[in-house]
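S.K.: Before I ask anything, here is the structure I am working with.
We did not get these values from a lab; they are worked out from the coordinates using the rules stated. Bear in mind the structure is a predicted one, so any value in this text is a computation, not a measurement. Virtual Cβ from ideal backbone geometry, glycine too; neighbours counted across all protein chains shown.
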Amino acid sequence: MTITMSKRQLDRYEIINRLIRKEINGTVAANLLCLSVRQTKRLKVRVKERGPQGLIHIGKGKQAHNRISEKERGTIISLLRKHYYDFKPTFAAEKLREKHNIDHDPKTIRTIMIIEELWKPKQKRKKQPHRSWRERKASYGEMQQFDGSYEYWFEDRGPKGCLLAAIDDATGRITKAKFDQHEGVFPVFGFWKEYLEQNGQPRAVYLDKFSTYKMNQQVAQNNHDTLTQFQRVAEEIHMELITAHSPEAKGRVERLFQTLQDRLIKELRLADISTIEQANVFLDKVFIPNFNKQFSVEPRNKNDLHKKLSLKEIKELESIFSRQTPRIVHNDFTISFNKQWHQLTKDQPATVQKKDKVIMEERVDGTIHIRLRGKYLNYTLLPERPKQQKQPWILAANQPSIYIPPANHSWRQMVCYKK
């Protein structure tokens, strides 16, 4: 007779045999087996009576008393294949009970469907890594957690909107919050432009992998030079972006929105506010100061690590916080952008040549500027695509005229030398 034993059972059998041969005592055997002394004695008796088979469960290989009969099992399989071949197990079990008076637990139906290859079980999740508690940053302005939340903030008084919010990691203070239509490039640009003007530049921003902040396509992951508009801005102003791999990683801002979805909605209702403009004023003047007074904590260090911007840097924010797109100057000195044609004028602050690569800046205020080598070019909008015509190869920059000597000038006189 062949007895199949697991590695664990073989190890137990070896220890029990050593106990029977009196090479070890019962206490040592119990410690090795991680069992009580009483259970070890029971195993010893069973091995003496039945040998290795005494360690195998008595019910192994026996059919369950409540097992489905082969006839009923065949009926279920037939019905599944005919009517419910693409159903999920729970739904299939409901339909078998409802339409065919076959009442079985969905787990039983699931097992049958797996065996008959009508259902493929989901792969087990990989064991999640252990998440340890992260201490708050030490100083105010060291790191901001930032995110957006879509909700019916005005309940039935207005449409669904997006609340953009930044919370300081060290203090738990709301450093800025603003309602907008969505979490796209321009609302985020407007938010951070105002943030930098009001508070200065934080050292780092902790955010998620939303498409506004990070390119998630495989091509972008393989090419680290491929940046989103927001990543480009962060590089220009030297602000570190930290991307969270899970909502739990940026839990402070996630918990903030849970609180706001409870408290802020009720506060807006009590104040009878139903528009984004009114809500933003209410946030700045009333809600955020009261919230910070109640919920913020003192940082370990009293330093404010925000970098204050100079007047020159503040003026440059208009250009930095713009959606920038490269374009090529056509042969007739026109540029096609956003289904419109931009005609460069004759007078320019920089020399423009055909095929020059320019940068189109779409700014937060809706204006468009054309930049070439740090200079902004003059242009007019055309109502339609211009017809082809011959144009000079260069639009020269405004500069003093160059003196060209006449034909009878002494420089142009031929001088002959006799040998």
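S.K.: Tabulate in residue order the Karplus-calculated ³J(HN,Hα) for the range 204-212, using 6.51 cos²θ - 1.76 cosθ + 1.60 with θ = phi - 60°, rounded to whole Hz; enter x for Gly and Pro.
M.R.: For the range 204-212, the Karplus curve yields 8, 10, 9, 9, 9, 9, 4, 4, 5 Hz.
S.K.: A further question follows. Extending each Cα 7 Å along its Cβ direction at Leu311 and Lys266, get the distance between those two points in nm, one decimal.
M.R.: It is 4.8 nm.
S.K.: Roughly how tilted is helix 7-20, in degrees to the nearest 10 and between 0 and 90, from the longest Cα axis of the chain?
M.R.: The angle comes out near 40 degrees.
S.K.: Identify the residues of the range 238-263 with backbone N under 20 Å of a label point that sits 7 angstrom from the Cα of Phe295 along the Cα-to-Cβ direction, or state none.
M.R.: Only 247-263 fall inside the zone, counting backbone N under 20 Å.
S.K.: Where both partners of a DSSP beta bridge lie in the chain, what percent of those bridges are antiparallel, to the nearest 5?
M.R.: Percent antiparallel among DSSP bridges in the chain is about 85.
S.K.: Quick one: net charge around Leu317, please, counting Lys, Arg +1 and Asp, Glu -1 for every other residue with C-beta under 11 Å from its C-beta.
M.R.: -2
S.K.: Now, a different point. Provide the three semi-axes, in whole Å and in decreasing order, of the ellipsoid equivalent to the range 23-78 as defined by the square roots of 5 times the Cα gyration tensor eigenvalues.
M.R.: One finds semi-axes of 40, 12, 8 Å for the range 23-78.
S.K.: Taking the chain as the reference, fit the longest principal axis to its C-alpha atoms, fit the long axis of helix 251-270 to the helix C-alpha atoms, and give the angle between the two in degrees, 0 to 90, nearest 10.
M.R.: It works out to around 70 degrees.
S.K.: Between Gln258 and His65, what is 0.36 nm times their sequence separation minus the Cα-Cα distance? Round to one decimal in nm.
M.R.: 64.4 nm
S.K.: Considering the values [x] 59; [y] 16; [z] 20, which represents percent of Cα pairs over 38 Å apart as calculated for the structure under consideration?
M.R.: Recomputing percent of Cα pairs over 38 Å apart here gives the entry labelled [x].
S.K.: Further, regarding this structure: So between His104 and Ile237, what do we pick up on full extension, going 0.36 nm a residue minus the alpha carbon distance?
M.R.: 41.5 nm
S.K.: Oh, and also: Let's test this: bin the Cα-Cα distances of the range 263-365 at 5 Å from zero up to the farthest pair and state each bin's percent.
M.R.: For the range 263-365, the binned pair fractions read 2, 8, 11, 10, 11, 11, 11, 9, 7, 8, 7, 5, 0 percent.
S.K.: Quick one: the Cα spread of the range 9-55 along its three principal axes, in angstroms, biggest first?
M.R.: Largest to smallest, the principal-axis extents are 23, 18, 16 Å.
S.K.: For the range 144-295, take every pair of Cα atoms, bin their distances at 10 Å starting from 0, and report each bin as a whole percent.
M.R.: Values per bin, smallest distances first: 10, 41, 34, 12, 2, 0.
S.K.: Note the full-extension length gain between Lys41 and Arg385 as 0.36 nm times their separation in residues minus their Cα-Cα distance, in nm to one decimal.
M.R.: 114.2 nm
S.K.: Taking N as the number of residues in the range 323-395, what is its Cα Rg relative to 2.2 N^0.38 Å?
M.R.: 1.03
S.K.: Return the loop-located GluC sites (Glu not before Pro) in the range 1-49 (DSSP other than H, G, I, E, B) with at most 13 other Cβ atoms within 10 Å of their own Cβ; answer none if there are none.
M.R.: Here the sparse-neighbourhood loop sites are Glu23.
S.K.: Once phi is turned into θ = phi - 60°, what whole-Hz ³J(HN,Hα) does the Karplus curve with 6.51, -1.76 and 1.60 give for every residue of the range 319-328, x standing for Gly and Pro?
M.R.: Values per residue, Gly and Pro as x: 6, 5, 8, 9, 7, 9, 10, x, 9, 10 Hz.
S.K.: Among His104, His238, which comes first, then next, by fewest other beta-carbon atoms within 10 Å?
M.R.: The most exposed by this proxy come first: His238, His104.
S.K.: Counting each DSSP H run of 4 or more residues in the chain as -39500 (n - 2.57), what helix-only mean residue ellipticity at 222 nm follows after dividing by all residues, to the nearest 500 deg cm²/dmol?
M.R.: -10500 deg cm²/dmol
S.K.: Another question, then. With both bridge residues required to lie in the range 144-295, what share of the DSSP beta bridges run antiparallel, to the nearest 5%?
M.R.: The antiparallel fraction comes to roughly 70 percent.
S.K.: Under 20 Å from the Cα of Lys250, which lysines turn up, not counting those fewer than eight places away in the same chain?
M.R.: Of all the lysines, those that pass the test against Lys250 - Cα under 20 Å, at least 8 places apart if same chain - are Lys137, Lys176, Lys178, Lys209, Lys214.
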